[in-house]
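Step one of this worksheet: look at the structure below.
The values are calculated or read from the model by the stated rules, or taken from the named source; none is laboratory data. Treat the numbers as computed from the prediction; the structure is a model and nothing was measured. Virtual Cβ from ideal backbone geometry, glycine too; neighbours counted across all protein chains shown. What goes into the accessible areas is simple: the full protein's heavy atoms, side chains included, and nothing from ligands, DNA or RNA. Shrake-Rupley method; radii C 1.70, N 1.55, O 1.52, S 1.80 Å.
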Amino acid sequence: MEKHEYELLGILAEQATLASIHEKYALLARSGLEEVDVFKTSYQQEVYAELQDLASKTSKDFAIINTSTNEVIFETLQQSIKSYNLDNIEQARLNKVKANFGRMSSTTDTILFACVEFAPWHWEIFVVEPYERLKRPLDNIAKATLISLIIALLFIVLGLSSVSEKLIFSRIITLRNAAKRIAENSEVVSLKMGKSDEIGQLATDMEIMSHKIRQTLDKADSASQAKSDFLAVMSHEIRTPLNGIIGMTNLLSDTNVDDTQKGYLKDLLASSEGLKSLVNDVLDMARIESGNLQFESIPIDFTRLISKVFSIFKVAFSEHKNQLIIDKDLPVSKVISADIVAIRQIMINLISNANKFTNDGTIKLSVKISEAGEGPSLIIIVKDDGIGIPKDKLDTVFDTFTQSDNSITRKYGGSGLGLSIIERLVKAMAGKITLKSTLGKGTEVKVIVPVKVESKEYHHNAQDTLDSIKLPKALHVLLVEDNEINATVARVNLEDIACTVEHVSDGSLAVEAANKKQFDIILMDVHMPNMNGIEATKIIREGQTLNAETPIIGLTAEAFKEKHVEFMTSGMNSVLSKPFDKQALVREFKKVLKLTH
């Protein structure tokens with residue numbers, strides 16, 4: 001019973017308490033406000049209020065100790081936790097979170113506790129249960145068991161053992177099975193014993209406990225969904241102006257600028273792509289947690305990919321006086337297909353991490369293919385000669401918001417998300433990641449992910465057609481976009497690939513234009529005032545217009561793939577994520593129009 005109580009305390013500490021704290025810190029970290037006292041204090045006060053409310057609902061007590069000052073900064077216990085002496089302590093892991101369990105005593109009573117740590121705020125969070133509260137049902141069970149034994153003996157003497165089993169032992173077995181379901185699946189149990197004796201009271205207490213655990217977990221699930229909704233909105237709001245920045249930079253690069261200006265624009269574009277990658281990092285973390293991350297397999301030009309990744313870090317390498325060595329050993333006669341966004345993200349996060357902790361040193365990026373085992377795999381290795389990681393911290397570097405030392409966040413920056421995202425991303429791709437490190441000598445991270453390998457003869461014809469920046473014929477395009485900057489970028493890109501463009505700014509005007517004139521293709525922004533792109537697409541598809549069968553490509557800053565599927569159910573043929581370039585436009589046009597020349 002005591003061990004089971006430790007498990008329940010640990011579940012409450014890790015899934016309810018620590019999860020809530022992680023959410024609040026993540027919001028601060030994504031906004032760059034984690035070290036701003038007024039915001040940090042406000043979020044910490046929210047944590048205190050939630051724990052106070054949780055204490056009143058669960059009959060558990062809570063305490064928080066600041067490990068840097070050894071002061072109690074919050075507690076709901078009547079007697080301060082500092083007045084107890086430690087009797088025993090054990091350590092275990094709950095969902096990769098280290099937790100301590102044990103018993104503490106004072107001159108007046110004894111308590112059971114579970115303790116978890118939140119390093120960014122130097123907090124130790126205690127969930128406490130008075131031992132007397134636990135002991136009472138144990139005493140009741142002992143009394144009930146004694147009574148059961150006496151009754152059982154009488155029934156045996158009277159030849160009524162079957163009745164005894166029904167009245168006593170079957171109820172105890174029912175309680176045991178219910179406790180197992182609660183511990184393993186957080187299941188809400190309904191025992192319906194309907195007795196006022198000790199076993200009946202214990203059954204009632206168990207039902208109440210299972211409901212409270214379920215409520216706590218449901219609250220955590222609701223908070224997780226709210227986070228996903230928030231990220232979806234922020235994704236759209238951030239990527240919309242980012243589309244304008246990248247688009248205008250590309251347009252400016254195509255004007256009459258000198259070589260120095262071209263270099264500046266190239267660096268600006270690389271930095272913008274880096275910002276887009278950072279936004280994708282945060283979104284991917286949410287998608288991984290919700291199980292909604294999806295991958296696509298497309299041919300990858302690794303020479304071009306590595307060059308773009310290098311451009312992102314050119315300034316950062318210079319600041320740290322680091323040199324990047326590239327070791328690319330890929331088959332020339334083969335085409336390698338994988339999810340390019342995921343591969344680029346893995347490279348960027350690993351190189352960023354290596355550069356952050358290396359000064360006046362060398363970072364080596366190795367990329368090769370292995371065809372041993374069950375199928376071909378891409379091997380990415382990033383090795384540095386930086387500060388390294390202590391041996392006792394190697395197990396924690398993949399934890400969210402965790403770095404090998406708390407002072408690292410202040411000295412080197414970062415939120416501790418990089419390696420955590422990579423580990424989860426690699427696992428979602430059915431790959432594996434390993435890390436070797438020596439303090440003071442450097443770190444090596446190795447990633448292995450499955451890929452598809454084909455001969456160039458099999459693949460090059462279709463790919464050359466898709467990658468061509470030219471269309472086989474001029475197209476008349478209806479562009480539906482409410483943002484003037486994005487509309488300008490799209491118009492210039494379309495005109496550069498020999499399209500004629502008619503632009504309208506909302507869905508109702510798009511329907512009106514579709515009723516008057518035939519178009520080869522319609523580019524439809526999803527989020528617009530008055531009438532959005534989804535409504536407009538449905539009206540065009542359902543009406544008797546000239547363009548009822550015209551291919552419609554949705555334009556959106558919404559990064560979640562499941563949203564793209566939702567948009568396509570309205571009648572769109574495809575969805576293109578902002579920001580996009582001319583090559584992406586041509587590829588999408590050829591795909592929906594089935595152009596092969």
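Annotations
- Of all accessible heavy-atom area on segment 500-597, the percent that carbon and sulfur account for (1.4 Å): 51 percent
- Rg followed by Dmax, in Å, when segment 482-597 is reduced to its Cα trace: 13.2, 39
- In this entry, segment 29-90 is assigned a mean projected area of 6.2 nm², taken as a quarter of its C-alpha convex hull surface.
- Protection proxy ranking of 433-439, 68-74 - average other beta-carbon atoms within 10 Å, highest first: 433-439, 68-74
- Calculated translational diffusion coefficient of segment 490-537 (20 °C, 1.002 mPa s; Stokes-Einstein with Kirkwood radius over alpha-carbon pairs) equals 188 µm²/s.
- The alpha-carbon positions of segment 87-130 define a convex hull whose volume is 73 Å³ per residue.
- Put simply, the C-alpha atoms of segment 319-390 give a gyration tensor, and the ellipsoid matching it has half-axes of 27, 12, 12 Å, longest first.
- Amide H to amide H, with H built 1.01 Å from N, residue 60 comes under 5 Å of no residue 5 or more places away or on another chain.
- Of 427/590; 321/383; 24/578; 266/427; 180/393, pairs whose Cα-Cα distance is over 23 Å: 427/590; 24/578; 266/427; 180/393
- Each peptide in 321-329, 352-360 was scored by the mean count of other Cβ atoms within 10 Å over its residues; highest first, the order is 352-360, 321-329.
- Inter-probe distance in nm under a simple model that places probes 7 Å from Cα toward Cβ, at residue 368 and residue 254: 4.1 nm
- Local electrostatic count at residue 79 - Lys and Arg +1, Asp and Glu -1, tallied over other residues with Cβ under 13 Å: -3
- Rough spin-label spacing in nm, given labels placed 7 Å along Cα→Cβ, for residue 311 and residue 80: 6.1 nm
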